[in-house]
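This report concerns only the one structure given below.
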Amino acid sequence: MRVDGREKDQLRKVNITNNYLMSPQGSVLIEMGNTKVICTASVEDNTARHLVGSGQGWITAEYAMLPGSTGTRKKRDKGKTDGRSVEIQRLIGRSLRSVVDMKKLGERTIFIDCDVIQADGGTRTASITGAFVAMVEAMKWMKEESLIDEIPLTGFVSAVSVGVLDCQSILDLCYAEDSKAAVDMNVVMTDKGEYIEIQGTGEERPFIGEELAELLELASKGCSKLHKIQKKITGEI
């Protein structure tokens, strides 16, 4: 029995509130269980320095856990972002760029900001899932403003955690499960069943191919459900 009574292949309750903030071109509040992340997408009329003159756009991300998001107050990043946050924001950026035709963006940048306001496991995966919706809304705004001719997407992206706890493979770990898991994995997928990134670690022991296959099957099931939630909000693109 899991700590919150879920089945091994059951997501936590997922809620995505669209247009959560008034200023950014795209914004959502994503809630996965007790994990809550505000994801925003802001459009600027310039591209990354290495792409100037190429006619190509860029998508970049920043990630932070706010001081009150954890049981013990987390210090704000001042001057230098901590290594974990850097790794996660690079993951978010890679995940979103993988399904965008950058040439169709023109020389513009979509800045993604993911701020964790409450953490209970799976903050990076919730950030990716929510950030994708915020990015789509920003692209819709760009099209309405005649900045782009079409929404430059090749697919939907979501992410979820899986792991092995007490010899049982489980989906979407909360913190109490994640902190004790023998194997911990984050999986990013498209709605076509393609893998974008797999981050897996044997925290307490090595794991075997059969366990990996079962974890990936759980992740695929979870991401498929998240894609359906995303499409209900954004509509088919």
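The values are calculated or read from the model by the stated rules, or taken from the named source; none is laboratory data. It should be emphasised that the depicted structure is a prediction, and the values quoted were computed from it without experimental measurement. Backbone-built Cβ (ideal geometry, glycine too); neighbour counts: all protein chains shown. What goes into the accessible areas is simple: the full protein's heavy atoms, side chains included, and nothing from ligands, DNA or RNA. Shrake-Rupley method; radii C 1.70, N 1.55, O 1.52, S 1.80 Å.
Given the criteria touching an Asp or Glu at 6+ places or on another chain (Cβ under 7 Å) and in a strand (DSSP E or B), does I170 qualify?
Working: touching an Asp or Glu at 6+ places or on another chain (Cβ under 7 Å): yes; in a strand (DSSP E or B): yes.
Spelling it out, I170 is indeed touching an Asp or Glu at 6+ places or on another chain (Cβ under 7 Å) and in a strand (DSSP E or B).
Can you name the residue in region 66-117 that is part of a helix (DSSP H, G or I) and in contact (Cβ under 8 Å) with a residue 60 or more places away in the chain and is also surrounded by the most Cβ atoms within 10 Å (Cβ to Cβ) among such residues?
We begin by selecting, within region 66-117, every residue part of a helix (DSSP H, G or I); these are 67-69, 83-97, 102-105.
This time we only want the ones that are in contact (Cβ under 8 Å) with a residue 60 or more places away in the chain, so: 91, 94-96.
Values: L91: 22, R94: 15, S95: 27, L96: 25.
Among those residues, the one meeting the criterion is S95.
Can you tell me which residue within region 203-212, out of those that are open to solvent by 50 Å² or more (accessible area, probe 1.4 Å) and assigned to a helix (DSSP H, G or I), is nearest to N19 (Cα to Cα)? So that I can check it myself, show each step before the final result.
Initial filter on region 203-212 (open to solvent by 50 Å² or more (accessible area, probe 1.4 Å)): 203-210, 212.
If we keep only those that are assigned to a helix (DSSP H, G or I) too, we end up with 209-210, 212.
On the way: G209: 42, E210: 42, L212: 37 Å.
Step by step, filter region 203-212, then rank; the result is L212.
Which one is farthest from S220 (Cα to Cα), of the residues in region 2-23 that are modelled with pLDDT under 95 and surrounded by 13 or more Cβ atoms within 10 Å (Cβ to Cβ)? Before the answer, list the steps.
Let us first name the residues in region 2-23 that are modelled with pLDDT under 95, namely 2-5.
From what's left, surrounded by 13 or more Cβ atoms within 10 Å (Cβ to Cβ): 2, 4.
Values: R2: 20, D4: 22 Å.
Per the stated criteria, the residue is D4.
Just to be sure I understand the filter: pairs with C-beta atoms under 7 Å, separated by 6 or more residues or on different chains, first member in region 151-180 and more than 16 Å from E7 (Cβ to Cβ), second member surrounded by 15 or more Cβ atoms within 10 Å (Cβ to Cβ) and aromatic (F, W, Y). Which pairs pass?
Final answer for the pair search is F156/F132; V157/F132; S158/F132.
Of the conditions (1) more than 17 Å from S95 (Cβ to Cβ); (2) at pLDDT 95 or above, M185 satisfies every one except a single condition; which number is it?
With (1) more than 17 Å from S95 (Cβ to Cβ); (2) at pLDDT 95 or above applied to M185, the lone miss is (1).
When you go through (1) under 22 Å from E31 (Cα atoms); (2) out of contact with any helix residue (DSSP H, G or I) (no Cβ under 8 Å at 6 or more places or on another chain); (3) open to solvent by less than 10 Å² (accessible area, probe 1.4 Å); (4) among the hydrophobic types (A, V, I, L, M, F, W, C) one by one for L215, which number turns out not to apply?
If we test L215 against (1) under 22 Å from E31 (Cα atoms); (2) out of contact with any helix residue (DSSP H, G or I) (no Cβ under 8 Å at 6 or more places or on another chain); (3) open to solvent by less than 10 Å² (accessible area, probe 1.4 Å); (4) among the hydrophobic types (A, V, I, L, M, F, W, C), just (1) comes out false.
Restricting attention to region 24-41, and to residues there that are part of a loop (DSSP other than H, G, I, E, B) and either within 17 Å of G121 (Cα to Cα) or modelled with pLDDT under 95 (or both), which single residue is most open to solvent (accessible area, probe 1.4 Å)?
N34
Across region 183-194, which residue is least open to solvent (accessible area, probe 1.4 Å) among those that are within 19 Å of the chain's Cα centre (by Cα) and farther than 10 Å from S158 by Cα? Spell out how you get there, then give the answer.
Going through region 183-194, the residues within 19 Å of the chain's Cα centre (by Cα) turn out to be 184-194.
Keeping just the survivors that are farther than 10 Å from S158 by Cα gives 184-186, 192-194.
Values: D184: 30, M185: 2, N186: 23, K192: 133, G193: 44, E194: 93 Å².
Per the criteria, the residue is M185.
Please go through region 1-23 and pick out each residue that is outside any loop (DSSP other than H, G, I, E, B) and β-branched (V, I, T). Can you show your working first?
Here is the first cut: in region 1-23, the ones outside any loop (DSSP other than H, G, I, E, B) are 14-18.
Those that are outside any loop (DSSP other than H, G, I, E, B) and β-branched (V, I, T): V14, I16, T17.
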